[in-house]
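The values are calculated or read from the model by the stated rules, or taken from the named source; none is laboratory data. These numbers were taken from a predicted model, which means no experiment stands behind them. Because the Cβ atoms are built from the backbone with ideal geometry, glycine has one as well, and the counts that use them run over all protein chains shown.
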Amino acid sequence: MSEKFDAIIIGGGPGGYVCAIRLAQLGKKTACVEYRGTLGGTCLNIGCIPSKNLLNLSENFQKAKNFSKVGIEISDIKLNLDKMMKNKDKAVTLLTKGVEFLFKKNKVSYFKGFGSFVSDKKIKIKSSDGKETEIEGENIIIATGSEPSKMQNINFDEERIVSSTGALSLKKVPKKMIVIGGGYIGLEMGSVWSRLGSDVHVIEFLDHITPGMDKEISNEFMKILKKQNIKFHMSTKVEKITKKGENVEIETSNIKGEKNSHDCDVALISIGRKAFTDKLNLEKIKLKTDEKGRVKVDKNFKTDKKNIFAIGDVIQGPMLAHKAEEEGIAVAEIIAGQSGHVNYDLIPGVIYTSPEVATIGKTEEQLKKQNIGYKIGKFPFMANSRAKAIDEPEGFVKILADNSTDKVLGVHIIGPHAGEMIAEMAVAMEFGASSEDIARTCHAHPTFSEAIKEAALSVDKRQIHS
Ligand code: FAD
Ligand code: NAI
């Protein structure tokens, strides 16, 4: 007889593990199936956490090289990449083990193995030693995440032609790295390797980086990255990728019809990710996916089957860990008879480069397209005392507020600690704040967040410091 659960979650990433813990908190007998060997999914193992570790360390390395200019004399700053990678691995282990501890604490049953559907309520788990177990669930939640999109069906060898996974574990600093795709991964990992000494070139299909982001921010972002010595080849299509000896050759053509060939020792392909449902046996239970391979769900995360739900990267919406987590909590509460809910209008996005880029709500382009009248408030970090005090004056805060009601509709920040500052605006916008509400809120001095207050003042052209 197979063991029975109130809920089984397939996938132990931020969507799956958060959902499992919340279900257990709500008194449901819960199982989570994960085949990776560690919990935390893409995010903790090969995504958010290792990339942020390397972004931090590479930024420190870069800063340390300039210490002598500000009176801190250290001789002989050298990179020990092996040690840096070990530090990154330690952070990953600490966090993945932490999730395992949380499972124990909340009495979530953790099944190590690959899950697939036997029927609407039955899951087969195949462990790495080939052993098979079956468990039953009243409710089943698919949280199987995503994987890197391939280009021209080329396989990642994760040494010379790499996805983000390989780019997080290179054994030596590439002399030249070509990044295909100027999005989140390309710009974060490109920044890491550029700071560590690579000559980084980004090939982007469009005429701008970070598609979907407010154009003014995206343009400023590219300008700043260029100053950091990252080179951009825009409106450029990759025609062919070939391994040549130790190198990789990338043939391109641009919008003007010019053809080019780039040699590099590492090519990072970061052109997006796709939903992962391989070998889940969705056909068996007649569950449909959309044209992008994502599991189709309604607003309550329910598939065509009334006891099967899906959350996170495997369904539509931004592929972000916090989005997956919110969905995990919402679906757990829905299963427990509560009214779980995710506000998709207010999901922040952060790129952890230096400076950081953070955004929430509508972009100016979206407001124009939707014919919504808006006012703009802007404030440069150049005029922010904290930013000037520590010599990080790049970037600005941009607030978009409704023309007639003054309600804040979008906030876009490029600047120091933007990723932390955006949380203030997420809370404010959840409470329907106007720009005047922000402008009249006392912000501590000297802080970067004063730039938000000043941008809010600037919506009505009454900023003080610029
Ligand atoms: P995943 O995290 O992908 O987890 C799914 C899990 O399911 C995996 O562990 C997989 O092994 C398991 N699984 C799949 N199929 C089965 C099966 N049949 N049986 C058992 N287990 C299965 N997002 C942010 O918000 N901030 C960031 O800074 C950020 N940085 C990133 C950096 C990189 C390099 C990458 C690649 C991604 C980054 N992301 C970031 C995106 C973030 O990692 C994902 O949005 C998030 O992990 C999605 O969570 P999920 O639970 O839906 O899926
Ligand atoms: P992305 O969607 O962010 O960027 C892909 C880029 O590649 C786009 O600019 C696109 O125009 C370009 N592109 C697509 N096809 C191309 C082609 N054939 N040639 C050249 N350029 C091409 O995808 P990315 O960077 O792979 O990241 C995947 C997802 O992972 C992100 O969308 C994000 O959701 C998540 N992520 C989040 C991070 C964060 O929150 N800080 C960090 C890293 C990843």
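A few points about this structure:
- In the range 175-221, residue nearest to ligand 2 (Cβ to nearest atom) [restricted to those that are more than 18 Å from LEU54 (Cα to Cα), of a type outside the set (Asp, Glu) and touching a Leu at 6+ places or on another chain (Cβ under 9 Å)]: GLY181
- Cβ-Cβ under 7 Å pairs, at least 6 apart or on other chains, the range 29-52 side within 7 Å of ligand 1 (Cβ to nearest atom), far side among the acidic types (Asp, Glu): SER51/GLU188
- Given (1) assigned to a helix (DSSP H, G or I); (2) modelled with pLDDT of 95 or more; (3) loosely packed, with under 12 Cβ neighbours inside 10 Å, number of the condition LYS69 does not satisfy: (2)
- First in the range 336-353 and in a loop (DSSP other than H, G, I, E, B), second anywhere and away from ligand 1 (no atom under 16 Å from the Cβ), Cβ under 6 Å, 6 or more apart: ALA336/LEU26; GLY340/GLU333; GLY340/ILE334
- SER127 meets the conditions (1) under 24 Å from the mean Cα position of the chain (by Cα); (2) of a type in the set (Ser, Thr, Tyr); (3) within 15 Å of ligand 1 (Cβ to nearest atom) in every case but one. The failed one is (1).
- Applying the condition of being under 12 Å from GLY15 (Cβ atoms) and away from ligand 2 (no atom under 12 Å from the Cβ) to the range 299-325 and asking which residue is surrounded by the most Cβ atoms within 10 Å (Cβ to Cβ) yields ILE311.
- A search for C-beta distances below 6 Å between a residue of the range 435-447 that is closer than 15 Å to MET421 by Cβ and any residue that is of a type in the set (D, E, K, R), counting only pairs 6+ apart in sequence or on different chains, returns HIS443/GLU450; HIS443/LYS453; PRO446/ARG386; THR447/ARG386.
- Some residue of the range 251-269 being over 17 Å from GLU204 (Cβ atoms), within 16 Å of ligand 1 (Cβ to nearest atom) and not charged (D, E, K, R): yes
- Check on SER198, within 30 Å of LEU367 (Cα to Cα), more than 16 Å from ligand 1 (Cβ to nearest atom), at pLDDT 95 or above and polar (S, T, N, Q): no
- Check on MET222, at pLDDT 95 or above, assigned to a helix (DSSP H, G or I) and within 13 Å of ligand 1 (Cβ to nearest atom): no
- Test for ILE360: is it under 13 Å from the mean Cα position of the chain (by Cα) and either within 13 Å of ligand 2 (Cβ to nearest atom) or not assigned by TED's automatic domain parsing to the domain that holds ILE49 (or both): no
- In this entry, LYS29 passes the filter for residues that are among the basic types (Lys, Arg) and closer than 27 Å to PHE276 by Cβ.
- Condition met for PHE101 (under 21 Å from PRO355 (Cα atoms) and surrounded by fewer than 18 Cβ atoms within 10 Å (Cβ to Cβ)): no
- Residues that are free of Cβ contacts under 8 Å to residues at least 60 places away in the same chain and buried (at least 24 other Cβ atoms within 10 Å of the Cβ) within the range 144-190 comprise just one, GLY182.
- Enumeration of residues in the range 236-275 that are closer than 30 Å to ALA143 by Cα and surrounded by fewer than 18 Cβ atoms within 10 Å (Cβ to Cβ): GLY272, LYS274
- In this structure, THR353 does satisfy being among the polar types (S, T, N, Q), buried (at least 22 other Cβ atoms within 10 Å of the Cβ) and not assigned by TED's automatic domain parsing to the domain that holds LYS223.
- Only strands (runs of 3 or more DSSP E) whose full extent lies in the range 242-281 are considered here, and the ones with at least 1 residues that are closer than 30 Å to LYS124 by Cβ and in contact (Cβ under 8 Å) with a residue 60 or more places away in the chain are 273-275.
- Every test in (1) over 30 Å from PRO348 (Cβ atoms); (2) outside any loop (DSSP other than H, G, I, E, B) is passed by LYS286 save one, and that test is (2).
- All conditions but one from (1) away from ligand 2 (no atom under 16 Å from the Cβ); (2) surrounded by 18 or more Cβ atoms within 10 Å (Cβ to Cβ); (3) small (Gly, Ala, Ser); (4) at positive phi apply to GLY37; the one that does not is (2).
- Output for the range 15-31, where each listed residue is more than 18 Å from THR144 (Cα to Cα) and not in a helix (DSSP H, G or I): LEU26, GLY27, LYS28, LYS29
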